[in-house]
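One structure is given here, and the rest of the page talks about it.
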Ligand SMILES: C[S@@+](CC[C@H](N)C(=O)[O-])C[C@H]1O[C@@H](n2cnc3c(N)ncnc32)[C@H](O)[C@@H]1O
């Protein structure tokens, strides 16, 4: 089998796992036995092909539907996926038409042999006629209606469109340096750009992470530039007792430990907590790890500072997890809002008098962010909002709301690859 065909076959199997069997993209990628067997370049291509299909599925399906005289039978998932992958290559990845068409046909097995002629003819016609949409139209078509309507209501139509357009592009690779003083030297060694907020940014497709300079020595870890902001909002934490609740896989634990805090990292998933320990080991940092449900955890002590990076719909991370746009349903947001409303008071009970609580979610949905903070403050008069200053976010004042909370959007720093969408606010408990 040619190398290029092997990569496409892996992409097809993963696409079936995600779109037909409902698996999460990250889990499918991590669980794949075939992906690591590909050469690095083919691995990169398989990932890009899969991610681009997930970003643009409605657009690709609409283009194919126009060319199919009648829909493919429901029992032809492999044929449908081969057609989709061929179309993605023709419309969005600049693959030469003969390669996109012939490999799509070759992906069909004996069971789908009857569809070979159809796949060949449809893709050839697509290659001739094209069907690429202007960015704004593509952005709108690829965004589920309920998310679009929520973002228009929250941020206005122009910003909703800018968010949706950012979701079409492959995101850059962001790294957090273990020692901020080392950032300029690391930027040079990696060929990365140093962002105003302190993260290092490499362009999309930067290659195998484990081969980049500084990985083995743990001089940095992968973390979106926006995800690196909430832990910093706890301020100077050196020597302080800090609880990182909902800690796995541990990006924020690493930041707090690197800043000199005595960190207790809690997560109810023992498996995910293993990732926190691995990351601590690689970076040579230390933190206590606790596998427990925050709602039942009674450590018998309080902390100077607490970070609650709550489970959420993760709609702020669609650039990095395009499968979520295909899987998420509005009802899931409602369920998560109820969970957050229980976790936030549980986290607050662990804050010592005079201490600080940062609440964060990687969601664009106001119900999970500002509305949650408002409801908490209304019910807990011993807490007040502690407004953030632009200097805490690298002078980027547009990242702060009128109330002094952090609100990053995928379209922020758009010219440089965007940011994940995060909401975070800082609350302070009254002194005893
Ligand atoms: C948004 S992720 C945390 C990301 C992490 N802070 C980081 O920066 O790498 C949410 C985490 O909350 C954990 N979680 C959800 N409900 C929990 C609960 N009741 N108690 C403890 N952990 C919980 C999940 O296992 C998940 O790892």
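Annotations for the structure displayed:
- Pick from segment 243-279, criterion assigned to a loop (DSSP other than H, G, I, E, B) and near the ligand (Cβ under 8 Å from one of its atoms), ranking: surrounded by the fewest Cβ atoms within 10 Å (Cβ to Cβ): 269
Listed here are the residues, each with its yes/no results for (1) more than 12 Å from the ligand (Cβ to nearest atom); (2) in a loop (DSSP other than H, G, I, E, B).
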site	(1), (2)
282	yes, no
285	yes, yes
290	no, no
294	no, yes
300	yes, yes
306	yes, no
312	no, yes
319	yes, yes
326	yes, no
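- Scanning segment 390-432 for residues that are over 21 Å from residue 174 (Cα atoms) and out of contact with any strand residue (DSSP E or B) (no Cβ under 8 Å at 6 or more places or on another chain) yields a single hit, 402.
- Residues of segment 42-66 classified as within 18 Å of residue 209 (Cα to Cα) and either free of Cβ contacts under 8 Å to residues at least 12 places away in the same chain or in contact with a helix residue (DSSP H, G or I) (Cβ under 8 Å, 6 or more places away or on another chain) (or both), total: 6
- Evaluating residue 21 against the criteria (1) modelled with pLDDT under 95; (2) assigned to a loop (DSSP other than H, G, I, E, B) leaves one unmet condition, (1).
- Identification of helices (runs of 4 or more DSSP H) wholly contained in segment 86-141 with 1 or more residues that are in contact with a helix residue (DSSP H, G or I) (Cβ under 6 Å, 6 or more places away or on another chain) and more than 25 Å from residue 161 (Cα to Cα) yields 97-106, 116-129.
- Near pairs, Cβ below 8 angstrom, 6+ apart or cross-chain, from segment 303-315 (in the same structural domain as residue 228 (by TED's automatic domain parsing) and under 13 Å from residue 362 (Cβ atoms)) to any residue that is within 7 Å of the ligand (Cβ to nearest atom) and assigned to a strand (DSSP E or B): 308/245; 309/244; 309/245
- Options 214, 235, 239: the member that is in the same structural domain as residue 394 (by TED's automatic domain parsing) and touching a helix residue (DSSP H, G or I) at 6+ places or on another chain (Cβ under 9 Å): 235
- Test: residue 8 is under 26 Å from residue 163 (Cβ atoms) and modelled with pLDDT of 95 or more: no
- Residue count for segment 305-330, restricted to those that are modelled with pLDDT of 95 or more, more than 25 Å from residue 169 (Cβ to Cβ) and out of contact with any strand residue (DSSP E or B) (no Cβ under 7 Å at 6 or more places or on another chain): 1
The values are calculated or read from the model by the stated rules, or taken from the named source; none is laboratory data. Computed from a predicted model, the values in this text were never measured in an experiment. Don't worry about glycine lacking a Cβ; one is built from the backbone with ideal geometry, like all the others, and counts go over all protein chains shown.
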